[in-house]
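Visitor: My structure is below; once you've seen it, I'll send some questions.
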Number of protein chains: 2
Amino acid sequence: MLVYGADGFKMARISTREQILQEADQLFYEGGFEGTSFADIAAAVGISRGNFYYHFKTKDEILDGVISRRMEATRAMLDAWAAENDSPAERIVSFIRILIDNRTKIMDFGCPVGTLSSELAKLDHAAQERAADIFGLFRDWLAGQFRALGQEERADELALHLLGRSQGVAVMATAFRDESFVRSEVDALEARVQALCLAPSNHQPEEN
Amino acid sequence: MLVYGADGFKMARISTREQILQEADQLFYEGGFEGTSFADIAAAVGISRGNFYYHFKTKDEILDGVISRRMEATRAMLDAWAAENDSPAERIVSFIRILIDNRTKIMDFGCPVGTLSSELAKLDHAAQERAADIFGLFRDWLAGQFRALGQEERADELALHLLGRSQGVAVMATAFRDESFVRSEVDALEARVQALCLAPSNHQPEEN
DNA sequence: GTCTATAGCCGGATAGAC
DNA sequence: GTCTATCCGGCTATAGAC
């Protein structure tokens, strides 16, 4: 399928399959997996439902593709954060800042990873584990940064804690549709990372 | 509808309406609102689908009833915690402990309040605000306890923080199906409350 | 690769007998 | 209050023409 630029001139060749995954990714985020129908995706892409099945046999196949796509995107984002920042503390702060950068969407739809994982858990869906693997990427990457900060022993614990904190922020921001809580928690988390920097060898006090 | 006890003798009269709400409450928690059909609820109650509509005209009406039911249950639980414990610190610890007491269900289905609120947000459902009001009950009650602990200024902030932490724990526990993280976070939160007790007048250090 | 047409099922919702 | 029977629409999925 050909996709034309805004000037109607420059054009890029994006495979229909890729376009389906792109739209499905967004729709699954904004409307949930169950809440999104084939018709919704087909309409967003601009193809017929019939054509759809040429590319994906079942809805689960699309979900699988969407999760793979998110895994790839996550890896790329983590690599970029590592490349853009020299210190592990700055890298961790890059992670924390996604809460600020994406606050509007988070208030409307929550965290893409957390909400998908929770929905699939309730559906008792086989792909729930794969969805949680996206959390695994963040967890391992964050643990690596904490190790580089000198937190050898507690690296994984700190990574899980930070992931959990960010999930809590996302859920509360969605529930109350309030961004002031996002900001105060982000400030507290950033202060925490700074404190770990200054005294890396033992347990750290934390303000919130 | 008559409900017989295990001995087949003693019996209690529970209205069908109440029984529907009871089953719907559990099914919405375990399978999600969208994931639960009228047929599911009717089967759980043991009535026909047709009979159903005598009690509730629409699915949204059931949701409304379930939320009201949860509000009532929450108020009763908060009152009980207040009655059972003399100190505000012990009351707050009662709240924290629900993560331990319900850990098995939380690992399977997450937090009933958080997951419902997130699902309704994605569905852009009118009842999302009412679902968040359940959080509001916890928020206000916790803030009251923090005020009693001498945290006049930061009472609401601390309440929101604690609510968010518990939501983060629930999401991570569901994603990784791991309860060790639940325990370590609960320990950290309890220690935090103790610290607030000992030095109530200023910002508190926190271990996690 | 893309379309139209359609099968077959299941969802919410209604009518009316008992 | 409870039932059976039924409508209608949307859903996933398939068949086959172009």
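Visitor: Filtering segment A:15-36 down to residues that are in a loop (DSSP other than H, G, I, E, B) and open to solvent by 50 Å² or more (accessible area, probe 1.4 Å), which residue is nearest to B:LEU123 (Cα to Cα)?
Guide: A:GLU34
Visitor: Just one of the numbered conditions (1) within 14 Å of chain B (Cβ to nearest Cβ); (2) within 16 Å of DNA strand C (Cβ to nearest atom) is not true of A:ILE67; which one?
Guide: If we test A:ILE67 against (1) within 14 Å of chain B (Cβ to nearest Cβ); (2) within 16 Å of DNA strand C (Cβ to nearest atom), just (2) comes out false.
Visitor: Out of segment B:139-155, which residues are assigned to a helix (DSSP H, G or I) and open to solvent by 30 Å² or more (accessible area, probe 1.4 Å)?
Guide: The answer is B:ARG139, B:ASP140, B:TRP141, B:ARG147, B:ALA148.
Visitor: If B:LEU160 satisfies every condition in (1) in a helix (DSSP H, G or I); (2) more than 11 Å from chain A (Cβ to nearest Cβ) but one, which is the exception?
Guide: (2)
Visitor: I need the full set of residues from segment B:23-58 which are within 14 Å of chain A (Cβ to nearest Cβ) and near DNA strand C (Cβ under 10 Å from one of its atoms), in order please.
Guide: B:PHE33, B:GLU34, B:GLY35, B:THR36, B:SER37, B:ASP40
Visitor: For segment A:56-78, what are the residues that are under 15 Å from A:ARG130 (Cα atoms) and touching a residue at least 40 places away in the same chain (Cβ under 8 Å)?
Guide: A:ASP60, A:ILE62, A:LEU63, A:ASP64, A:GLY65, A:VAL66, A:ILE67, A:ARG69, A:ARG70, A:MET71, A:THR74, A:ARG75
Visitor: Quick check: is even one residue across segment B:106-121 away from DNA strand C (no atom under 16 Å from the Cβ), aliphatic (A, V, I, L, M) and either surrounded by fewer than 18 Cβ atoms within 10 Å (Cβ to Cβ) or more than 22 Å from B:VAL193 (Cβ to Cβ) (or both)?
Guide: Yes, segment B:106-121 contains at least one residue that is away from DNA strand C (no atom under 16 Å from the Cβ), aliphatic (A, V, I, L, M) and either surrounded by fewer than 18 Cβ atoms within 10 Å (Cβ to Cβ) or more than 22 Å from B:VAL193 (Cβ to Cβ) (or both).
Visitor: Please find, among B:LEU116, B:LEU123, B:LEU142, B:LEU149, the residue that is within 16 Å of DNA strand D (Cβ to nearest atom) and either within 29 Å of B:GLY31 (Cβ to Cβ) or not basic (Lys, Arg) (or both).
Guide: Every option except B:LEU123 fails the conditions.
Visitor: Which one is surrounded by the fewest Cβ atoms within 10 Å (Cβ to Cβ), of the residues in segment B:44-93 that are assigned to a loop (DSSP other than H, G, I, E, B) and away from DNA strand D (no atom under 16 Å from the Cβ)?
Guide: Among them, the one singled out is B:ASP86.
Visitor: Hey, among the residues in segment B:108-138 that are at the interface with another protein chain (Cβ under 9 Å from one of its Cβ atoms) and not in a helix (DSSP H, G or I), which one's nearest to A:LYS122 (Cα to Cα)?
Guide: Here the residue is B:GLY110.
Visitor: Also: From the list B:GLN194, B:GLN167, pick out the single residue that is at negative phi and more than 7 Å from chain A (Cβ to nearest Cβ).
Guide: The match here is B:GLN194.
Visitor: Separate question: Return the pair list, or none, for Cβ contacts closer than 7 Å from residues in segment B:1-30 that are at pLDDT below 85 to residues that are within 16 Å of DNA strand C (Cβ to nearest atom) and open to solvent by less than 50 Å² (accessible area, probe 1.4 Å), at least 6 apart or on different chains.
Guide: Final answer for the pair search is B:MET1/B:THR16.
The values are calculated or read from the model by the stated rules, or taken from the named source; none is laboratory data. As the structure is a computational prediction, the values presented were derived from the model and not from experiment. A quick note on method: Cβ atoms are made from the backbone with ideal geometry, for glycine too, and the neighbour counts reach across all protein chains shown. Heavy atoms of the whole protein, side chains included, go into the accessibility calculation; ligands, DNA and RNA do not. Shrake-Rupley method; radii C 1.70, N 1.55, O 1.52, S 1.80 Å.
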